[in-house]
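Participant: Before I ask anything, here is the structure I am working with.
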Amino acid sequence: MTRLIMHGCNGHMGQVITNIVKEDENAEIVAGIDVADNRDNTYPVFTNIHDCDITADAIVDFAAAVAVDDLLEYAVTRQIPVVLCTTGLSEEQLKHVEEASKKVAVLRSANMSLGINTLLKMVKTATQVFANAGFDIEIVEKHHNKKVDAPSGTALALADSINETLQNEYEYCYDRSDRREKRPQKEIGISAVRGGTIVGEHEVIFAGTDEVIEFKHTAYSKAVFAKGAVQAAKYLAGKGPGLYDMQQVIG
């Protein structure tokens with residue numbers, strides 16, 4: 001049984017994870033952390049993380065960037081591995097994450113979905129075949145109309161995964177409206193669509209002469225990210241210091 005602390009337990013994702021863990025015979029949330037104790041949870045909730053003295057195997061974080069520094073300090077002090085799902089961290093906070101990972105296990109990923117992380121592996125293999133054959137590479141991502149950043153972190157992670165395979169020789173293109181020239185071969189186009197309540201859709205297109213190959217992942221609810229986070233917490237429990245990612249979780 002993996003004992004979890006849910007950081008950001010009363011937020012939307014915190015409650016999604018709470019409900020998922022209720023149905024998991026191999027995991028249990030033993031404590032929650034949230035600045036607002038305004039829900040009826042089956043576990044104790046602490047409004048100050050440093051007041052939590054409950055033993056746990058891992059922390060799952062879906063809170064706000066402003067709370068990450070205290071979270072990392074707590075994880076290091078208590079020696080509890082942490083699955084860091086909060087996005088929008090500053091450069092200074094990312095350095096803090098790296099420093100903390102030298103003292104405790106920290107898992108951070110642009111997307112916690114098991115499907116997306118499997119897709120990352122698949123496109124690397126596909127890139128080795130299609131890029132050498134002269135195929136153009138495009139990424140199209142779609143999200144709801146309330147998402148403020150574009151392109152998404154996942155789209156950039158896909159582009160980076162492809163580009164690493166290509167020795168980082170390709171340039172990223174986000175807008176072609178001011179260009180009047182043939183598309184360069186060593187380019188990865190990244191397009192963002194914002195509309196409605198789209199949870200998340202990412203498509204990688206390899207376009208060649210007379211044929212197109214497409215890899216696509218669609219998230220129909222945020223539960224896919226919650227499930228991945230719980231799986232990551234089980235993996236991280238008992239691990240020594242280091243910076244981990246979802247690629248290691250899926251093996």
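Participant: For the chain, modelled as a Gaussian network with Cα springs under 10 Å, which listed residue fluctuates most, Q128, Q167, Q79?
Facilitator: Maximum fluctuation in the GNM of the chain, among the listed residues, is at Q167.
Participant: Within 13 Å, Cβ to Cβ, of A131, how many net charges do the neighbouring residues add up to if Lys/Arg are +1 and Asp/Glu are -1?
Facilitator: Its environment carries a net charge of -3.
Participant: Which angle from 0 to 90°, rounded to the nearest 10, does the C-alpha axis of helix 114-130 make with the longest principal axis of the chain?
Facilitator: That works out to roughly 30 degrees.
Participant: Measure nothing fancy, just the Cα-based angle from helix 68-78's long axis to the longest principal axis of the chain, in degrees from 0 to 90, nearest 10.
Facilitator: For 68-78 against the chain, the angle is about 50 degrees.
Participant: Search the structure for amide H atoms under 5 Å from the amide H of I198, placed 1.01 Å from N in the peptide plane, and list their residues when 5 or more places away or on another chain.
Facilitator: Here H144, N145 satisfy the definition.
Participant: Another question, then. Counting DSSP beta bridges in the chain, what percent are antiparallel, to the nearest 5? Walk me through the numbers on the way to the answer.
Facilitator: Values: 16 of 47 bridges.
About 35 percent, rounded to the nearest 5.
Participant: Further, regarding this structure: Using helices alone, what [θ] at 222 nm do you get for the chain, with -39,500 (n - 2.57) per DSSP H run of 4 or more residues, divided over all residues and rounded to the nearest 500?
Facilitator: Calculated from helices alone, the mean residue ellipticity at 222 nm is -10000 deg cm²/dmol.
Participant: Could you state the orientation-averaged shadow area of the convex hull built on the Cα atoms of the chain, in nm² to one decimal?
Facilitator: Orientation-averaged projected area of the Cα hull: 14.9 nm².
Participant: Counting heavy atoms of the protein chains only and a 1.4 Å probe, report the per residue accessible area for segment 53-182 as a whole number of Å².
Facilitator: 51
Participant: Can you tell me the length gained on complete extension of the stretch D51 to I213, counting 0.36 nm per residue apart and subtracting the Cα distance?
Facilitator: Working: separation 162, 0.36 × 162 = 58.32 nm, distance 5.27 nm.
Full extension of this stretch gives 53.0 nm more.
Participant: Given Cβ point charges of +1 (Lys, Arg) and -1 (Asp, Glu) and nothing else, what value in debye, to the nearest 20, does the dipole of segment 3-119 about its Cα centre take?
Facilitator: So the dipole magnitude of segment 3-119 works out to roughly 240 debye.
Participant: What are the ³J(HN,Hα) values, in whole Hz, obtained from phi via the Karplus relation 6.51 cos²θ - 1.76 cosθ + 1.60 with θ = phi - 60°, for each residue of segment 133-139 in sequence order, with x given for Gly and Pro?
Facilitator: 9, x, 6, 7, 10, 10, 10
Participant: Could you sort M122, M246, M13, M1 by their accessible area in this structure, using a 1.4 Å probe and putting the largest first?
Facilitator: Order by accessible area, largest first: M1, M122, M13, M246.
Participant: To the nearest 10 degrees, how steep is helix 153-165 against the longest Cα principal axis of the chain, on a 0 to 90 scale?
Facilitator: The angle comes out at about 60 degrees.
Participant: Can you tell which of A133, I162, I205 lies farthest toward the positive end of the dipole of segment 129-207, using +1 and -1 charges on the Cβ of basic and acidic side chains (Lys, Arg; Asp, Glu)?
Facilitator: Farthest towards the positive end: I205.
Participant: Considering the options Y220, V230, T47, tell which one lies farthest towards the positive end of the dipole of the chain, charges being +1 on Lys and Arg and -1 on Asp and Glu at the Cβ, about the Cα centre.
Facilitator: Y220
Participant: Probe 1.4 Å, all protein chains in place: accessible area of D70 in Å², nearest 10?
Facilitator: 80
Participant: Could you work out the relative contact order of segment 98-209, using alpha carbon pairs under 8 angstrom and six or more residues apart, expressed as a whole percent? Before the final figure, lay out each step's value.
Facilitator: Values: 144 pairs, mean separation 44.6, N = 112.
Answer for segment 98-209 is 40 percent.
Participant: Counting other Cβ atoms within 10 Å of each Cβ, which trypsin sites (Lys or Arg not before Pro) in segment 100-161 have at most 16 and sit in a DSSP loop?
Facilitator: In loop regions of segment 100-161 (DSSP not H, G, I, E or B), the sparsely surrounded trypsin sites (Lys or Arg not before Pro) are K102, K103, K146, K147.
Participant: To continue, here is another question. Please list I213, I17 from largest to smallest accessible area, probe radius 1.4 Å, with all protein chains kept in place.
Facilitator: I213, I17
Participant: Length gain on complete extension for the stretch N26 to S221, per 0.36 nm per residue less the alpha carbon to alpha carbon distance?
Facilitator: Result for the pair: 67.9 nm of gain on full extension.
Participant: If you put +1 on each Lys and Arg Cβ and -1 on each Asp and Glu Cβ, how big is the dipole of the chain around its Cα centre, in Debye rounded to 20?
Facilitator: On the way: 25 positive and 36 negative charges, 62 e Å.
Here the size comes out at about 300 debye.
Participant: Shifting gears a bit: Given K121/K146; K124/K216; K103/K222; K95/K186; K103/K234; K186/K216, which pairs have Cα atoms separated by over 25 Å?
Facilitator: In this structure, K121/K146; K103/K222; K95/K186 lie more than 25 Å apart at Cα.
Participant: Extent of segment 1-86 along each principal axis, from alpha carbon coordinates, in Å, largest to smallest?
Facilitator: Extents along the principal axes, in whole Å: 31, 26, 21.
Participant: In whole Å, what is the distance between the alpha-carbon centres of segment 122-170 and segment 175-251?
Facilitator: 7
Participant: Now for a different question. Quick one: order F206, F62 from most to least accessible surface, probe 1.4 Å.
Facilitator: Result, largest first: F62, F206.
Participant: Roughly speaking, what is the stretch gain from L243 to K103, that is 0.36 nm per residue apart minus the C-alpha to C-alpha distance, in nm to one decimal?
Facilitator: Extra length available between L243 and K103 comes to 49.4 nm.
The values are calculated or read from the model by the stated rules, or taken from the named source; none is laboratory data. Computed from a predicted structure; not experimentally measured. Glycine also receives a Cβ, built like all others from the backbone with ideal geometry; neighbour counts cover every protein chain displayed. Areas reflect the complete protein model, heavy atoms only, side chains present, ligands, DNA and RNA absent. Shrake-Rupley method; radii C 1.70, N 1.55, O 1.52, S 1.80 Å.
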